[in-house]
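As structure tokens, the structure follows; a few thoughts come after it.
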Amino acid sequence: MNVFINLLDNANKYSPEAPAIRVHVYSDSSKVTIAIHDKGIGMNKEVSKRVFETFFRATSGNIHDVKGFGLGLSYVKAIVDMHNGQIEVQSELGKGSSFIIRLPILENEKA
């Protein structure tokens, strides 16, 4: 739950005026995919590569009016990793970001 709260909160914080946020969930036989898309300020490629690093915050632009320590996305990645999942970001400066999480579907153990 904290993973999704963090990602949705970021999508809201880094979106101008009224945020446009979409959440898509789909699955196949081996994994569930959750994608959170926003039309916020986006990130350049250099920032996108580092966004999951602990304490990393982008230094360009006027985003430091948003409070934080650069821990949220590293926390999100750690939780996704603990569940044997993957997370990726796709972003374009000025157009928004998409965070895609893939988690394995665990089969019920038979008694």
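Would you check if there is a residue in segment 68-76 being at pLDDT 95 or above, of a type outside the set (Val, Ile, Thr) and within 10 Å of the chain's Cα centre (by Cα)? No, every residue in segment 68-76 fails to be at pLDDT 95 or above, of a type outside the set (Val, Ile, Thr) and within 10 Å of the chain's Cα centre (by Cα).
Conditions tested, residue by residue: (1) at pLDDT below 90; (2) open to solvent by 50 Å² or more (accessible area, probe 1.4 Å); (3) over 17 Å from Gln90 (Cα atoms).
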position	(1), (2), (3)
Asn12	no, yes, no
Val32	no, no, yes
Lys39	no, yes, no
Phe55	yes, yes, yes
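Selection of first residues in segment 22-49 that are in contact (Cβ under 8 Å) with a residue 60 or more places away in the chain and of a type outside the set (D, E, K, R) and of second residues that are open to solvent by 70 Å² or more (accessible area, probe 1.4 Å) and in a loop (DSSP other than H, G, I, E, B), restricted to Cβ pairs under 9 Å at least 6 apart or on distinct chains, gives the following pairs, ordered by first then second residue: Ser27/Ile105; Ser29/Ile105; Ser30/Ile105; Val32/Ile105. Within segment 23-53, the residues that satisfy the criterion of being farther than 20 Å from Val80 by Cβ and either among the aliphatic types (A, V, I, L, M) or not in a loop (DSSP other than H, G, I, E, B) (or both) are Ile41, Lys45, Glu46.
Checked against the criterion of being surrounded by 12 or more Cβ atoms within 10 Å (Cβ to Cβ), at pLDDT 90 or above and in a helix (DSSP H, G or I), the candidates Leu103, Leu7 yield just one match: Leu7. Number of residues in segment 10-22 that are touching a strand residue (DSSP E or B) at 6+ places or on another chain (Cβ under 6 Å) and either under 22 Å from Met82 (Cα atoms) or part of a helix (DSSP H, G or I) (or both) equals 1.
The values are calculated or read from the model by the stated rules, or taken from the named source; none is laboratory data. Fair warning: this is a prediction, and the values are worked out from it, not measured in the lab. Glycine gets a Cβ as well: all are built from the backbone with ideal geometry, and neighbour counts include every protein chain shown. To get the accessible areas, we keep the full protein, side chains included, count just its heavy atoms, and leave off ligands, DNA and RNA. Shrake-Rupley method; radii C 1.70, N 1.55, O 1.52, S 1.80 Å.
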